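Here is the structure we will look at.
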There are 2 protein chains.
Amino acid sequence: MTSPDSPSSIVGTAPGLPKTARGERTRTRILKAAEETFGTLGYHRAGIADITRAAGVASGTFYTYFSSKEQTLRELVQEMGRRLRAHLERETADAGDRLEAEEKGLRAFLQYLRDNPALYRVLQEAQFVDESIYRRYYESFGERYVRMLARATDRGEIRSGNDEVRVWALMGISNFIGLRYALWETEMDFDDIVATVSDLLRNGLAAGGGREKS
Amino acid sequence: MTSPDSPSSIVGTAPGLPKTARGERTRTRILKAAEETFGTLGYHRAGIADITRAAGVASGTFYTYFSSKEQTLRELVQEMGRRLRAHLERETADAGDRLEAEEKGLRAFLQYLRDNPALYRVLQEAQFVDESIYRRYYESFGERYVRMLARATDRGEIRSGNDEVRVWALMGISNFIGLRYALWETEMDFDDIVATVSDLLRNGLAAGGGREKS
DNA sequence: TTGAAACCTGAATCAGTATTCATGTTACGG
DNA sequence: CCGTAACATGAATACTGATTCAGGTTTCAA
């Protein structure tokens, strides 16, 4: 665990952060329970009672730490986003070039999503509860991504082009591939998937477009 | 209670289809109102009262034609999917090859989404109301798509590869590009977007991977 | 023209559930 | 050891909103 984030950055923070070790523990339990419950039941079907039951506390305790169900979702989206980014950065740190980083990134994303299926549901549902948090998530993700592509272009690893559009295309690929192969049908080998996408990114689809396989 | 029709094909069809011209008109008005209301307010925030108000009928009339709010969403997803597919088929019919069809298809999709923003919201929210309808939507879309890629491979237009994975990547691209550039920020020229994606599909990203621009 | 089926009405019902609050219980600095 | 702030409880509150229903109105085939 890293040190707790400064509360000043978060806008609508709850009724005050916990002041004792016990409170800290309880708050964490509730947040984890919310993640699981939203992840399996979905935001709307999940009741506060479901969350508190999963956390092993009374329903009123929820409001000691969170101002509302919606606020909890917001906090969850931010935290899950941070965790995913940290994971991806760790897993792509040793890539030799951008296209290798794309491969490692996609594989890491698939693995992460399979291990944390709640991420997908919480994030996608947040879109319709509070669109701004969803936009912020992808736009901040996209900004970093654009910078990485620009650097890769400078290094001569990829052709120059409209990197913003490319980034949204890339995020779309990960998203859909993840939904299909990490959440719905998990039997296909990640290696095959990554190889196919990598080939698409390196060479495109056109016949004779890139170097041949062998 | 009159003996209800027992339609064998469709499972949860409404309380019986309209039997007069007036009924037909009213049902259509309600369905259109539901599309608009779900599209702007979202499924959960939209009440039956909102829908019937928009349709100009009493709230009870809703249940003359639809068995539930959820059932209405299901019907809407199917109908909107049919309309989109018809549109895309029309717009890509005259493409000379697969990669040209991809260009025309993406442009047509963006245009359609900008003109029918409710499509996105209704479809994405349906995912969390009844996942099966959502899966069916993309899987049936995907199956046709795979067949088209296979045919294009036979014709030598694209390299052979794992077309299923490719199709999910392609659907992801359209989806995200559409969200960003047809719904959120509509000022970028579709031509730029299509050109960028087309270049990605034809040549990939790798430096020197494809034919140079000039 | 007529009567039965189809259609329309909107107030009432009814269940679910986020949030509050009055009342205990626990932690811990002094 | 206290005393007090922090924490925990769960029944009660307050409200929303989908669905029903008992009765009126319109349509249309005969």
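The values are calculated or read from the model by the stated rules, or taken from the named source; none is laboratory data. Because the structure is predicted, anything quoted here is derived from the model rather than measured. Every residue, glycine as well, gets a Cβ built from its backbone with ideal geometry; the counts of neighbours run over all protein chains shown. Just so you know, the surface numbers come from the protein's heavy atoms only, side chains and all, with ligands and any DNA or RNA stripped out. Shrake-Rupley method; radii C 1.70, N 1.55, O 1.52, S 1.80 Å.
Out of (1) out of contact with any Ser or Thr (no Cβ under 7 Å at 6 or more places or on another chain); (2) surrounded by fewer than 17 Cβ atoms within 10 Å (Cβ to Cβ); (3) away from chain A (no Cβ under 14 Å), the odd one out for residue B:49 is which?
(1)
For region B:92-102, which residues satisfy the criterion of being buried (at least 18 other Cβ atoms within 10 Å of the Cβ) and more than 11 Å from chain A (Cβ to nearest Cβ)?
Hits for region B:92-102 are B:92, B:101.
Can you pull out every residue in region A:42-79 that is more than 9 Å from DNA strand C (Cβ to nearest atom), part of a helix (DSSP H, G or I) and without any contact (Cβ under 8 Å) to a residue 40 or more places away in the chain?
A:53, A:54, A:55
Any chance region B:80-89 includes a residue that's aliphatic (A, V, I, L, M), within 14 Å of another protein chain (Cβ to nearest Cβ) and part of a helix (DSSP H, G or I)?
The answer is no, given that none of the residues of region B:80-89 is aliphatic (A, V, I, L, M), within 14 Å of another protein chain (Cβ to nearest Cβ) and part of a helix (DSSP H, G or I).
Restricting attention to region A:117-163, and to residues there that are open to solvent by less than 40 Å² (accessible area, probe 1.4 Å) and assigned to a loop (DSSP other than H, G, I, E, B), which single residue is farthest from the other protein chains (Cβ to nearest Cβ)?
A:130
Please work out if residue B:157 is modelled with pLDDT of 95 or more, farther than 27 Å from residue A:121 by Cα and touching a helix residue (DSSP H, G or I) at 6+ places or on another chain (Cβ under 7 Å).
yes
Just one of the numbered conditions (1) open to solvent by less than 30 Å² (accessible area, probe 1.4 Å); (2) more than 12 Å from the chain's Cα centre (by Cα) is not true of residue B:74; which one?
Checking residue B:74 against (1) open to solvent by less than 30 Å² (accessible area, probe 1.4 Å); (2) more than 12 Å from the chain's Cα centre (by Cα), the one that fails is (1).
If residue A:205 passes every condition in (1) farther than 24 Å from residue B:193 by Cα; (2) within 8 Å of chain B (Cβ to nearest Cβ); (3) crowded, with 21+ Cβ neighbours inside 10 Å but one, which one does it miss?
For residue A:205, the exception is condition (1).
Within the bounds of region A:166-187, is there any residue that is β-branched (Val, Ile, Thr), more than 10 Å from chain B (Cβ to nearest Cβ) and farther than 20 Å from residue B:172 by Cα?
no
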